[in-house]
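**Student:** The structure follows.
The values are calculated or read from the model by the stated rules, or taken from the named source; none is laboratory data. The shown structure was predicted, so the numbers you read here are calculated from the model rather than taken from an experiment. Every residue, glycine among them, receives a Cβ derived from its backbone with ideal geometry; neighbour counts consider all protein chains shown. The protein model used for the area step is the full one, side chains on, heavy atoms only, and it has no ligands, DNA or RNA in it. Shrake-Rupley method; radii C 1.70, N 1.55, O 1.52, S 1.80 Å.
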There are 2 protein chains.
Amino acid sequence: MIPSGADSNGVLATNAPVTLFPSPFPRNCFEEATALQKIYNELYARITCNEEWLGKIVEGLIEVDDFVSNLWKVHLDVQKEGYVQNLSLGLFRSDYMAHVLPTGAPALKQVEFNTISSSFGGLSALVRQMHTELLASPPGSSINYPPHPLLQSEVPPENTAVETLAAGLAAAHEAYGVSKSIPALPLCVLFVVQDTERNVFDQHALSRQLKTIHNIPVFRVASVDVLDQTSIPSSNPSRPLLYQPPHSPDSTFEVTTVYLRAYYSPDEYKSTRDWQARTHLERSAAIKCPTVLNQLSGCKKVQQVLAEPTGPDHLSSFLKGNDAALVERVRDTFAPQYDLSVNSQGRDLALNPDTALNHVLKPQREGGGNNVYKADIPDFLRSMPESDWRGWVLMELINPAANAQNVALRNDGEVLRGNVISELGVYGTILWENTGKILHNEQGGYLLRTKGKEVNEGGVAAGFSSLDSALLF
Amino acid sequence: MIPSGADSNGVLATNAPVTLFPSPFPRNCFEEATALQKIYNELYARITCNEEWLGKIVEGLIEVDDFVSNLWKVHLDVQKEGYVQNLSLGLFRSDYMAHVLPTGAPALKQVEFNTISSSFGGLSALVRQMHTELLASPPGSSINYPPHPLLQSEVPPENTAVETLAAGLAAAHEAYGVSKSIPALPLCVLFVVQDTERNVFDQHALSRQLKTIHNIPVFRVASVDVLDQTSIPSSNPSRPLLYQPPHSPDSTFEVTTVYLRAYYSPDEYKSTRDWQARTHLERSAAIKCPTVLNQLSGCKKVQQVLAEPTGPDHLSSFLKGNDAALVERVRDTFAPQYDLSVNSQGRDLALNPDTALNHVLKPQREGGGNNVYKADIPDFLRSMPESDWRGWVLMELINPAANAQNVALRNDGEVLRGNVISELGVYGTILWENTGKILHNEQGGYLLRTKGKEVNEGGVAAGFSSLDSALLF
């Protein structure tokens, strides 16, 4: 959008795509998503603790997914040396749609669960604030709402995403304890970000909260600078991660918590140096948000295995100790998902043109934008060798209602109007020991992303969907 | 900075130039400026009410200043038809420097008084907030303050510019009374802005305050659209100003108050149509902020006449009824100013190379950037016909201390460091009847603009100086 070279100092900004009105979202689905976030946090913490189970899934992907394979290697390398930090921090976001049942009633269905770089907490709180102000603005104001009972009587639910996510980081910072350096160094939290990050204001909302409310020093380092600006003294077996701010090389901080807003996509690893940097962080004493294992627990294949309608009940195993009814409510949020192995139900459903119509084929590999829908699925599968089918997951389509209308302001200034579909994300944060002991488990805040009815893909930053807030009905 | 065409939808934004630290400013000067704002408000209201006195000054400028001449014609045209609104609103900003006396003590000296489009109230409140947060940020934070006792112990004074300026607009909206239309129309405030305005967020701070706190509908219209989007029904002798929002042409609002953030510079009047638009607003029943007469009261020639060390004591005349000591405190803020008429003291001081060194020559005409300094003055004057000298005002230089240091972030991303000079602006608002009766008179909020020691010109938007906040000492 900005011609390259026109903003060499990186000072220009534009809005994230945003809707002008809040969109309706079924209250029962919103409340269910909120109610289940803490048990979802626990589920992914427990999966991460079960290295054997996770390892089997990963090993099945190694041949078809370089990225998973390389992440696993990082884990094996660090494991060989021995981990020096037994705490993990998760800042998660569980994404859902309100699926319309044959009865017409809405039911909560999970789209995906994010265990790394769960974004938009900062901006979505601001969108909620903007919508609330506009709803309260005087009649006849320049952006007047269309007359609709929901818009007259409701305001979007409070959005505490910033408070919740920052409190998670602060809990990790606290749990890290005293400096492991001799003499002791001042402690800080480190945000590792993409060199070309555009979504900086979303991240600043969290660092500002950490600084001003929790009084914790926060620094940002681009992933390409990790090896230059951080170090682990070889003389210290505790392996503290030290950070030297480039603007003040005489001050050295010890990093309690590494918050990754980078390293989630394969195309961020351009050379072995990037993998070295990731390994360097992983082997340090800093608490990682997330660890490599926790990142791997969020891969689509894990979600497919949990949601496979037949086969072992992994969900109940991971959540044993919880109320059985609560576990079933988690299971109810799964849309059926299948692998495409020989003679599997998934393969039948995908290749049959009739049943394919009710499904989406999702690549296990991260990156987005590559889903294959409905009638396209059989031919798409037949166009590649069967050995590659392991890299794909078949998921029953979620059918959200699409009778709501909204107006979206894109980040290039274009204004779009029309029928929309909304996706709800709910934030949660959890801090746990690799023994399974949970130190902090909270839910708070949400993201609503709204897209035109005809758009199939999801990411806000890619410009397809807009940040929104919810009016519950 | 942005290549033309690269931002055709006007969605890109950059920061206003801003300092990273608050700058020191003498407490006695800050407090005196604050204490004098309400009597300054009154002074300029009284000047505006004295059409005869103001007319004489204007008539002396007609041959050398087209802009003043054309503004005066607008007044005469409306006067001929008869004004229908006897209320005027002023949103003023009085600008000062802390002049170092021979004793070394600082004294408050006025640079200029602004009666139209006094800007940066919204942004300067935000800069104060940013500096306060940075001062409170944890030790060792990424923008750490240099160790200095002032930075350890003080915070910038509260900045209530947004509250004060919006309350002035709200007072006018209230004083307008009921709709003059039959049937009655809903009422609104109208911001008239430049078509190419870049400083929109400063203005949005005021409209947001009006909407959310005062519950008043606010619309924005570009000055080029005034004649298309507003009208005065010829059948209504009260001449209400009607506004039809282009996005909702079926709704019509009656404008109580026209707030001009346009029409202050000669180059904004590109054709007779622009003058027609200004006349159209002036003859309407809306309360103008400011009227043409109030705008004219702010011309440099008026400030020179008030500050002329010899001659009639206009200041005391305008402020009669006020405590004499208070009037003298106003006079103490004047740096001596002179006209350049034949045999005048001003002409002698300007042409003598020795005395010229202590002066600045300012054009009466608005537009900025054309001051002539010190040794350049004699030759500059001799390069033009003496008949044009009437268009210039000679002012004794203010000598601010320049031992403070700061770091400024320009709007192109460049970072400047060095010794700086600060200029203080104090905001005030006043609503009065043309009989002289004052209905609302308040002071609140300030602007500190800081520039490198070697820069002579002032405007923030032009990129020469940076928004700042003050630490008082």
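**Student:** Report for the protein assembly as shown the percent antiparallel among DSSP-assigned beta bridges with both residues inside it, nearest 5.
**Tutor:** 75
**Student:** Determine the relative contact order of chain B: mean sequence separation of Cα pairs under 8 Å and six or more apart, normalised by residue count, in whole percent.
**Tutor:** Result for chain B is 28 percent.
**Student:** Oh, and also: Quick one: accessible surface of A:Glu423, probe radius 1.4 Å, all protein chains present, in square angstrom to the nearest 10.
**Tutor:** Roll a 1.4 Å probe over it and A:Glu423 shows about 20 Å².
**Student:** Where the label is 7 Å out from Cα toward Cβ, how close does B:Gln276 come to the same position in every other copy, in nm, shortest first?
**Tutor:** 7.2
**Student:** May I pose another question? When a/c reaches 1.5 or more, the comparison of a/b and b/c decides; with that in mind, is the protein assembly as shown rounded, prolate or oblate per its Cα gyration tensor?
**Tutor:** It is prolate, given that a/c is not under 1.5 and a/b is the larger ratio.
**Student:** To continue, here is another question. Nearest 500 deg cm²/dmol is fine: what mean residue ellipticity at 222 nm does chain B get from its DSSP H runs of n ≥ 4 alone, each adding -39,500 (n - 2.57), divided by its residue count?
**Tutor:** -10000 deg cm²/dmol
**Student:** Moving on to the next point. For A:Asp250 and B:Ser153, FRET efficiency with R0 = 25 Å and r from the beta-carbon atoms, rounded to 0.05?
**Tutor:** Calculated value: 0.55.
**Student:** If contacts are Cα pairs under 8 angstrom and at least 6 residues apart, what is the relative contact order of the stretch A:254-311 in percent?
**Tutor:** This gives 39 percent for the stretch A:254-311.
**Student:** Take every DSSP beta bridge with both residues inside chain A and express the antiparallel ones as a percent of the total, to the nearest 5.
**Tutor:** 75
**Student:** Can you give the mean number of other chain Cβ atoms that lie within 10 Å of the Cβ atoms in peptide B:199-212?
**Tutor:** Rounded to a whole number, the mean comes out at 1.
**Student:** Next question, about the same structure. So what is the relative contact order for the stretch B:315-473, in percent, with contacts set as C-alpha pairs under 8 Å and at least six apart?
**Tutor:** 16
**Student:** Oh, and also: Simple spin-label model, 7 Å along Cα-to-Cβ: A:Leu416 to B:Ala105 in nm?
**Tutor:** Here the answer is 6.7 nm between the modelled labels.
**Student:** 7 Å from Cα along Cα→Cβ at both B:Leu439 and A:Ser238: what's the point-to-point distance in nm?
**Tutor:** In this crude spin-label approximation the distance works out to 7.0 nm.
**Student:** Please compute the modelled spin-label separation between A:Lys73 and A:Asn86, points set 7 Å along Cα→Cβ, answer in nm with one decimal.
**Tutor:** 3.0
**Student:** Also: Kindly report, to the nearest 10 Å², the accessible surface of A:Asp323 as traced by a 1.4 Å probe over protein heavy atoms only.
**Tutor:** 100
**Student:** If packing is taken as the average count of other Cβ atoms within 10 Å, what order do A:11-19, A:152-160 fall into, highest mean first?
**Tutor:** Ranking, from highest mean packing down: A:11-19, A:152-160.
**Student:** Distances in nm, one decimal, shortest first, from A:Asn50 to the same residue in every other copy, taking the label point 7 angstrom along Cα→Cβ.
**Tutor:** 8.9
**Student:** May I pose another question? Along the stretch B:209-215, what does the Karplus equation 6.51 cos²θ - 1.76 cosθ + 1.60 (θ = phi - 60°) give for ³J(HN,Hα), rounded to whole Hz, x for Gly and Pro?
**Tutor:** So the Karplus estimates, Gly and Pro as x, are 4, 4, 6, 7, 8, 9, 6 Hz.
**Student:** Hey, another quick one. Give the average, rounded to an integer, of partner chain Cβ atoms located within 10 angstrom of each Cβ in B:346-354.
**Tutor:** The per-residue average across the peptide is 0.
**Student:** Report the charge-dipole magnitude of chain B in Debye, nearest 20, computed about the Cα centre from +1 at each Lys and Arg Cβ and -1 at each Asp and Glu Cβ.
**Tutor:** 460
**Student:** Quantify how strongly other chains surround peptide B:178-187 by giving the mean number of their Cβ atoms within 10 Å of each of its Cβ atoms.
**Tutor:** Average neighbour count from other chains, rounded to a whole number: 1.
**Student:** Now, a different point. Could you give the accessible area per residue of the stretch B:337-397, probe 1.4 Å, as a whole number in Å²?
**Tutor:** 50
**Student:** Moving to a separate point now. So the label point sits 7 Å from Cα along the Cα-to-Cβ vector; using that for B:Gly82, what distances do you get to the other copies, in nanometres, sorted shortest first?
**Tutor:** 9.9
**Student:** Keeping all protein chains in place, calculate the accessible area per residue for the stretch A:55-167 (probe 1.4 angstrom), answer in Å².
**Tutor:** Heavy-atom SASA per residue in the stretch A:55-167 reads 41 Å².
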